[in-house]
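Comments concern the structure below.
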Amino acid sequence: MGKLSGRTALITGASRGIGSAIAQRFAAEGANVAINCARDEGAANEVSNHINNLGVKSFVYRANIADEKECVRMIDSAIKDFGQIDALICNAGIGSAAINRPAIADATNEQWDTILDVNLWGPIYLCRGLVPHLRKAQRSDIVVLSSTAVQRLKPGSGVYSVSKAALETMAHTMAREERVHGMRVNIIAPGLVDTDMGRKVVEAVGGPSDIRELDEDMPFGFVCTPEDIAASVAHLCSEDGRYITNQRITIAGD
């Protein structure tokens, strides 16, 4: 019996990177998992097959979270497939590299919309669609994935930082609003992680093409892995984290 046995989580952006690691950690701990992907159904199905082999249930839902109608369709399908869902992990997001890292004063409306549609409106659509259902669970959890960019405020990442700062404000407020329903809402803010997005960040600032070359410069001698993030998300959603809500946990080694 894992520490998440009997729970069911909807995890966005779970076909690769941090989302995939969270999905696999949840399954290893006994949870059923609804896997969201935006495009790569093949990769999502590989994750799902691995999870199903662990003896828990998993289905893949292709949906662009920037589209509210697709979010609603995914939520309805997942509820039909699983019954009660009791955890939402808002992991899907896009970084500054997707809009060529403009300064805030130079960013176009289109560039702002590209980031905000996924990083802010997506979680809003998901919460609006799923929270009424989550309230019916004896215990429910929402974990949103933010970034240390909110603290570090580096030039060229301003649009992204604004999107994540707004996401954090939403989460902190929801934690207070939904506590009466037995819902815990928390924030995980990773620093550099060995993912596709992390590698793009390193390349954008003139770093090495192999992110592992940075290991010796990191606080504990290695770049953070998706599994490091997944472990903390699983802890928050387990009974070990039952008294934790409205918290922002930075995972950056410093």
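In a residue-by-residue description of region 202-218, the property of being surrounded by 13 or more Cβ atoms within 10 Å (Cβ to Cβ), among the charged types (D, E, K, R) and within 24 Å of Ser15 (Cα to Cα) applies to at least one position.
Among residues of region 130-163 being of a type in the set (A, V, I, L, M) and part of a helix (DSSP H, G or I), the one that is surrounded by the most Cβ atoms within 10 Å (Cβ to Cβ) is Val159. If we scan region 209-226, do we find a residue that is closer than 20 Å to Asn91 by Cβ, assigned to a strand (DSSP E or B) and touching a Leu at 6+ places or on another chain (Cβ under 8 Å)? Scanning region 209-226, I find at least one residue that is closer than 20 Å to Asn91 by Cβ, assigned to a strand (DSSP E or B) and touching a Leu at 6+ places or on another chain (Cβ under 8 Å), so the answer is yes.
Any residue in region 4-20 that is surrounded by fewer than 17 Cβ atoms within 10 Å (Cβ to Cβ) and either under 17 Å from the mean Cα position of the chain (by Cα) or of a type in the set (A, V, I, L, M) (or both)? Walk me through it before giving the result.
Filtering region 4-20 down to residues surrounded by fewer than 17 Cβ atoms within 10 Å (Cβ to Cβ) leaves 5-6.
Among the residues that remain, those that are also either under 17 Å from the mean Cα position of the chain (by Cα) or of a type in the set (A, V, I, L, M) (or both) are: none.
No: region 4-20 contains no residue that is surrounded by fewer than 17 Cβ atoms within 10 Å (Cβ to Cβ) and either under 17 Å from the mean Cα position of the chain (by Cα) or of a type in the set (A, V, I, L, M) (or both).
Scanning region 85-107 for residues that are within 20 Å of the chain's Cα centre (by Cα) and either assigned to a loop (DSSP other than H, G, I, E, B) or without any contact (Cβ under 8 Å) to a residue 12 or more places away in the chain (or both) turns up Ile85, Asp86, Asn91, Ala92, Gly93, Ile94, Gly95. Within region 56-84, residues that are in contact (Cβ under 8 Å) with a residue 12 or more places away in the chain and acidic (Asp, Glu) sit with their Cβ atoms under 9 Å from residues that are surrounded by fewer than 16 Cβ atoms within 10 Å (Cβ to Cβ) and part of a helix (DSSP H, G or I), at 6+ positions apart or across chains, in these pairs: Glu68/Arg128.
Can you confirm whether Val33 is of a type in the set (A, V, I, L, M, F, W, C), part of a helix (DSSP H, G or I) and either surrounded by 24 or more Cβ atoms within 10 Å (Cβ to Cβ) or modelled with pLDDT under 95 (or both)? First the steps, then the outcome.
Working: of a type in the set (A, V, I, L, M, F, W, C): yes; part of a helix (DSSP H, G or I): no; either surrounded by 24 or more Cβ atoms within 10 Å (Cβ to Cβ) or modelled with pLDDT under 95 (or both): yes.
So Val33 does not fit the description; no.
Any chance region 167-175 includes a residue that's in a strand (DSSP E or B), within 19 Å of His235 (Cα to Cα) and not acidic (Asp, Glu)? Within region 167-175 (the criterion being in a strand (DSSP E or B), within 19 Å of His235 (Cα to Cα) and not acidic (Asp, Glu)), the answer is no, since none of the residues qualifies. Restricting region 198-254 to residues that are hydrophobic (A, V, I, L, M, F, W, C) and modelled with pLDDT under 85 leaves a set whose member that is nearest to Met183 (Cα to Cα) is Val201.
When you check Asp117 against the structure, is it more than 19 Å from Gly17 (Cβ to Cβ), of a type in the set (Asp, Glu), part of a strand (DSSP E or B) and in contact (Cβ under 8 Å) with a residue 40 or more places away in the chain, yes or no? Considered against the rule, which asks whether it is more than 19 Å from Gly17 (Cβ to Cβ), of a type in the set (Asp, Glu), part of a strand (DSSP E or B) and in contact (Cβ under 8 Å) with a residue 40 or more places away in the chain, Asp117 comes out as no. Would a scan of region 130-145 turn up a residue that is over 14 Å from Gly93 (Cα atoms), touching a strand residue (DSSP E or B) at 6+ places or on another chain (Cβ under 7 Å) and of a type in the set (Ser, Thr, Tyr)? Yes - at least one qualifying residue is present in region 130-145.
Suppose we filter region 202-238 for residues that are under 18 Å from the mean Cα position of the chain (by Cα) and in contact (Cβ under 8 Å) with a residue 60 or more places away in the chain; how many remain?
Step one: filter region 202-238 for residues under 18 Å from the mean Cα position of the chain (by Cα), giving 224-238.
If we keep only those that are in contact (Cβ under 8 Å) with a residue 60 or more places away in the chain as well, we get 225-227, 229-231, 233-234, 236-238.
Total satisfying the criteria: 11.
Here region 148-192 is the region considered, the condition is being within 30 Å of Val202 (Cα to Cα) and among the β-branched types (Val, Ile, Thr), and the residue that is farthest from the chain's Cα centre (by Cα) is Val159.
Restricting attention to region 24-42, which residues are within 14 Å of the chain's Cα centre (by Cα) and without any contact (Cβ under 8 Å) to a residue 40 or more places away in the chain? Before you say what the answer is, go through the steps one by one.
Initial filter on region 24-42 (within 14 Å of the chain's Cα centre (by Cα)): 24-26, 33-38.
Within region 24-42, Val33, Ile35, Cys37 meet the criteria.
Would you confirm whether or not region 40-59 contains a residue that is within 30 Å of Ile115 (Cβ to Cβ), among the hydrophobic types (A, V, I, L, M, F, W, C), modelled with pLDDT of 95 or more and assigned to a loop (DSSP other than H, G, I, E, B)? No, region 40-59 contains no residue that is within 30 Å of Ile115 (Cβ to Cβ), among the hydrophobic types (A, V, I, L, M, F, W, C), modelled with pLDDT of 95 or more and assigned to a loop (DSSP other than H, G, I, E, B).
The values are calculated or read from the model by the stated rules, or taken from the named source; none is laboratory data. Quick caveat: nothing in here was measured; it's all calculated off a predicted structure. So basically every Cβ, Gly included, is an ideal-geometry build from the backbone, and we count neighbours across all protein chains shown.
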